[in-house]
1. Looking for something in contact with a Lys or Arg (Cβ under 9 Å, 6 or more places away or on another chain) and within 22 Å of G10 (Cβ to Cβ) - is there at least one such residue anywhere in the range 111-121?
2. Do the conditions hold for N42, that is, is it out of contact with any Lys or Arg (no Cβ under 8 Å at 6 or more places or on another chain), at positive phi and buried (at least 20 other Cβ atoms within 10 Å of the Cβ)?
3. Condition first: in contact (Cβ under 8 Å) with a residue 40 or more places away in the chain, acidic (D, E) and assigned to a loop (DSSP other than H, G, I, E, B). Now tell me which residues in the range 148-184 satisfy that.
4. Residue by residue through the range 45-54, note down the ones that are of a type in the set (A, V, I, L, M) and either more than 17 Å from E31 (Cα to Cα) or surrounded by fewer than 17 Cβ atoms within 10 Å (Cβ to Cβ) (or both).
5. For the range 164-193, give me each residue that is modelled with pLDDT under 95 and of a type in the set (A, V, I, L, M, F, W, C).
6. Within the set of pairs 6+ apart or on separate chains, which have a first residue in the range 121-136 that is in contact (Cβ under 8 Å) with a residue 12 or more places away in the chain, a second that is crowded, with 20+ Cβ neighbours inside 10 Å and in a helix (DSSP H, G or I), and C-beta atoms under 9 Å apart?
7. For residues that are part of a strand (DSSP E or B) and closer than 27 Å to F95 by Cβ, scanning just the range 40-54, find the one that is farthest from the chain's Cα centre (by Cα).
8. Go through the range 170-184 and count every residue that is over 13 Å from the mean Cα position of the chain (by Cα) and crowded, with 16+ Cβ neighbours inside 10 Å.
Amino acid sequence: MFTGIVTAQGSVAGVALEGDRLKLTINAPYEDLVLGESIAVNGACLTVMERGAGNFSVEAVVTTRERTTLAALKIGSRVNLERAVAVGERMGGHFVQGHVDGVAEVIRVTRREDALLIDLRPPADIASVTVLHGSIAIDGVSMTVNALPEPGVIQMSVIPFTCEHTTLGSLEVGDRVHVEGDMLGKFVKQLLEMRATPSTDGLGEPRLT
């Protein structure tokens with residue numbers, strides 16, 4: 001479990017495809033990583049497989065690559081990093097599972113003196129669980145939905161601090177980012193869909209739940 005509060009930016013130091021597994025080596029400032037611990041890379045929960053001097057390695061299997069942009073990372077690419085939250089720490093963002101729901105495209109970037117407005121077009125199922133002033137994770141960064149300017153479009157207002165300490169400040173039109181919808185919204189949507197779907201009463205007879 002994560003909070004969407006990025007604690008460091010890393011840079012990709014190595015990319016290797018080994019069979020069906022993509023191995024990424026990432027330079028990072030963490031000194032006490034433990035083998036097997038979870039770490040969010042651009043919001044995707046991965047497992048630390050190796051440690052080195054100032055870096056660590058993770059692997060992304062086919063399923064992960066199919067729903068993320070990890071396969072497009074190159075040596076030198078910057079990534080947002082967050083270690084799993086420890087019990088008792090302050091929850092500065094929102095509950096983020098590190099399970100990327102899909103990829104959104106940046107369709108507008110508007111620079112203002114006090115903020116950077118970024119408009120995204122996420123997958124339809126994520127747009128359907130997103131509400132004004134609700135939470136969403138963008139490349140692992142906990143964000144508040146600033147506006148819903150048009151159907152299927154989500155707008156974020158990125159403050160200077162976040163621009164400086166994450167990769168969001170360098171986003172441009174056409175860029176693709178990981179999105180994870182609000183966990184509570186997804187649960188509510190699924191429960192409502194289940195209640196509206198006929199099921200059986202154990203005797204083969206359909207009934208509404």
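The values are calculated or read from the model by the stated rules, or taken from the named source; none is laboratory data. Please read these numbers as outputs of a predicted model, since none were measured by experiment. Counting neighbours? That spans all protein chains shown, and the Cβs are built from the backbone with ideal geometry, glycine included.
1. The answer is yes; a qualifying residue exists.
2. Numbers: out of contact with any Lys or Arg (no Cβ under 8 Å at 6 or more places or on another chain): yes; at positive phi: yes; buried (at least 20 other Cβ atoms within 10 Å of the Cβ): yes.
So N42 fits the description; yes.
3. E172, D175, D182
4. Taking the range 45-54 as the starting set, the residues that turn out to be of a type in the set (A, V, I, L, M) are 46, 48-49, 53.
Passing the criteria: L46, M49, A53.
5. Hits for the range 164-193 are M183, L184, F187, V188, L191, L192.
6. I136/I126
7. Step one: list which residues in the range 40-54 are part of a strand (DSSP E or B), which gives 40-41, 44-52.
Narrowing further to those that are closer than 27 Å to F95 by Cβ: 40-41, 44-49.
On the way: A40: 8, V41: 8, A44: 6, C45: 9, L46: 12, T47: 15, V48: 18, M49: 20 Å.
By that ranking, first place goes to M49.
8. Start the filter on the range 170-184 by keeping residues that are over 13 Å from the mean Cα position of the chain (by Cα), which leaves 170-175, 184.
Keeping just the survivors that are crowded, with 16+ Cβ neighbours inside 10 Å gives 171, 175.
Final tally of qualifying residues: 2.
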